1. Please enumerate the residues belonging to the stretch 19-53 that are surrounded by 15 or more Cβ atoms within 10 Å (Cβ to Cβ) and closer than 21 Å to Val4 by Cα.
2. Consider the stretch 19-53. How many of its residues are among the β-branched types (Val, Ile, Thr) and touching a residue at least 40 places away in the same chain (Cβ under 8 Å)?
3. If I filter the stretch 1-47 down to residues being among the polar types (S, T, N, Q) and modelled with pLDDT of 95 or more, which single residue comes out as nearest to Ala59 (Cα to Cα)?
4. Given the structure, is Leu16 assigned to a helix (DSSP H, G or I) and either in contact with a Ser or Thr (Cβ under 9 Å, 6 or more places away or on another chain) or in contact (Cβ under 8 Å) with a residue 24 or more places away in the chain (or both)?
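The values are calculated or read from the model by the stated rules, or taken from the named source; none is laboratory data. Keep in mind the model is a prediction, meaning the values are calculated, not measured. In this analysis, Cβ positions are derived from the backbone assuming ideal geometry, glycine residues included, and neighbour counts consider all displayed protein chains.
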Amino acid sequence: MAVVLLSVALIAVIALLVGYGAGKLARIDGATVPAALTRAAATFGAVITLAATVTAALATLRT
């Protein structure tokens, strides 16, 4: 159980960092703050979705 919780926490931190980086890059590129937040949120969602997809694929391979 502890490994699962640590994995979820690690994935959340990685998703937050990637989202922050995408927002920062958008802001440097000249995007407005709302546009940069939208890009950051979309990137965060994409990373979480990718992690869930990979987890589901690995779970089907394990059984």
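1. Correct list: Phe44, Val47, Ile48, Ala51.
2. Let us first name the residues in the stretch 19-53 that are among the β-branched types (Val, Ile, Thr), namely 28, 32-33, 38, 43, 47-49, 53.
Filter again for touching a residue at least 40 places away in the same chain (Cβ under 8 Å), leaving none.
So the count comes out to 0.
3. From the stretch 1-47, those among the polar types (S, T, N, Q) are 7, 32, 38, 43; that's our starting set.
Of the ones still in play, those that are also modelled with pLDDT of 95 or more are 32, 38, 43.
On the way: Thr32: 41, Thr38: 31, Thr43: 24 Å.
My answer is Thr43.
4. Judged against the criteria, Leu16 is a match.
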